[in-house]
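Heads up, the thing below is written out as structure tokens.
Every number here is computed from the coordinates shown, using simple stated rules; none is lab data. All figures in this text were calculated on a predicted structure; none of them were measured in a lab. Counting neighbours? That spans all protein chains shown, and the Cβs are built from the backbone with ideal geometry, glycine included.
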Amino acid sequence: MYQILRKNKLISLHIMVIFLGFTGVLGKLITLETPYLVWYRMLIAFIALFIFLFIKKQIKTIKKKDILPLLGIGAIVALHWFFFFGAIKVSNISVAVICLATASLFSAFLEPLFFKRKLLGYELIFGIIVFVTLTLMLYERPENTDINYFLGYVYGIASAFLGTLFTMFNGKYINKVDAAKITMVEMLGGVIIISLYFILIGDFSVFTTTISLNDFIYLILLGTICTAGIFVWMTEIMRHITPYALIMAINLEPIYSIIIGLIIFNETEIMNLSFYIGSSVILFIVFLDGFIKNKK
């Protein structure tokens, strides 16, 4: 099996994205509240990446001047996951991942600020289309006027924005620091900022309470395979395929997540026709944006 994956990088790529699609499913299966879920995920991912880099003898190669900024970016990552899992907890996986698919369009508005380029006309049009589509998806379904579904969309869009924001910051380091090292330090930053939050509000339960066996297993899978493992896997695949192929494959994550969610959770993930039409429009815009950028 391993030899097949090595020979066919596209198969390996899509298997990686399927594993990425399980992130939302595991988030829903874990019974912990969102802050504790994110804390455990980042702690486990940090430990896994620390062991990985220690074995490769690359821990000491991280420059001290890069550590503090990466810890700060880790705080943004923590907020990104807080809103993503928050969206899943208050609504469902489908809402969360479709909102997350708007991240590539947020980048159209943030890239000009970060990398000093012009805002392109078609990017503005695409952004308006996505915003109108999301509004109609919320409006067309009467049940979605419930505060939980409304919060699901709000949290999901906030997660997409923060995900784009930390990606922009990472873009300034990716050519200077290895992806596994960046991720390890950022995971530590997230653990530190959430720990400080717990201490500030006087909640020490995350340090003293034993979690259930099921939650422990799901958290190990989430922190190792769906977080640390995905980043290492992605780095290896990028040696053999173009960035465009990687981006297009990752854009399939919402589709995989929705299908997996429907199989596992059945009724709670079933949405009405307007949701699936709107989702198709958003995914089409995301792919079209990537296609136009690749052509240019």
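Quick notes
- Above-threshold pairs, the threshold being 32 Å between Cα atoms, out of 64/118; 65/116; 63/89; 28/57; 89/181: 64/118; 63/89; 28/57
- Förster radius 45 Å - calculated FRET efficiency between residue 31 and residue 65, Cβ distance, rounded to 0.05: 0.65
- Extent of the stretch 1-113 along its three principal axes (Cα atoms, max minus min coordinate, largest first): 43, 41, 38 Å.
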